[in-house]
1. For the chain, set up a Gaussian network in which alpha carbons nearer than 10 Å are linked by springs, and say which option among 69, 31, 166 fluctuates the most.
2. Springs between alpha-carbon pairs under 10 angstrom, Gaussian network model over the chain: which of 158, 133, 42 fluctuates most?
3. Dipole size in debye (nearest 20) for segment 5-193 around its Cα centre, Lys and Arg Cβ +1, Asp and Glu Cβ -1?
4. Give, in nm to one decimal, the length gained when the segment between residue 133 and residue 161 is fully stretched (0.36 nm per residue of separation minus the Cα-Cα distance).
5. Can you give the relative contact order of segment 5-193 as a percent, counting alpha carbon pairs under 8 Å and 6+ residues apart?
6. Can you give the Kirkwood hydrodynamic radius of the chain from its Cα pairs, in Å with one decimal?
7. Would you give the gap between the C-alpha center of segment 32-84 and the C-alpha center of segment 134-187, rounded to a whole Å?
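We did not get these values from a lab; they are worked out from the coordinates using the rules stated. This one's a predicted model, so the numbers in the text were calculated from it and none came from an experiment. Backbone-built Cβ (ideal geometry, glycine too); neighbour counts: all protein chains shown.
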Amino acid sequence: MVMDVVLASRSPRRTDLLDLLGVPHRAVPSGISEEPMPGEGAEAQVVRLARRKAEHVASLEPRADLVIGADTLVVLDGSAMGQPGDAAEAAGMLRRLSGRTHTVLTGMCLLRDGDRAEGVSSTGVTFHRLSEAEIAWYVGSGEPMDKAGAYAAQGIGAVFLRRIEGSFHNVVGFPLDLFYQLLPQMRISLRDLL
């Protein structure tokens, strides 16, 4: 019997990565507010939001066998960068990232039969130095607009990445290795999902 797996996300990138594993699933966006709590650190924030997304979707899909929530932030100089609100904000984020190393954090939460497993993946990403023309061209492509930190490592934005230390899939927004490590806590193997 195939398990009913629900991804609490509207991200096509997260869906693509579950598809890469061959895990049949449905995507159900949570629609929760993603505002940080006062004084909350970035790691605590991504775990809390992943948990809230999973819990909200689990309440909408009570028959689901497994609900997966995830949340990703780009962190530079201790400051979290979510998705840009407009082209000017996207350009500003890219200027800040230019020539520097930042951290991508993804919190993940799995829910099954009242049990919960959660964790965080952290990856260091170093950008090449970007010119104003490159920033304008990239922002004009539209790709940065729904991405944490205003870039897509799996898209055109890949040309700007000089070095990645850690999980590439974390930078895309769904760390496959963390997912695999959390499954046994839910008494599930990857084979059970295929």
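1. Largest GNM mean-square fluctuation: 31.
2. Greatest mean-square fluctuation among the candidates belongs to 133.
3. 220 debye
4. 8.4 nm
5. Details: 378 pairs, mean separation 41.1, N = 189.
The normalised contact order for segment 5-193 reaches 22 percent.
6. Mean inverse Cα-Cα distance, inverted, gives 17.0 Å.
7. Using only Cα atoms to place each centre, the spacing works out to 16 Å.
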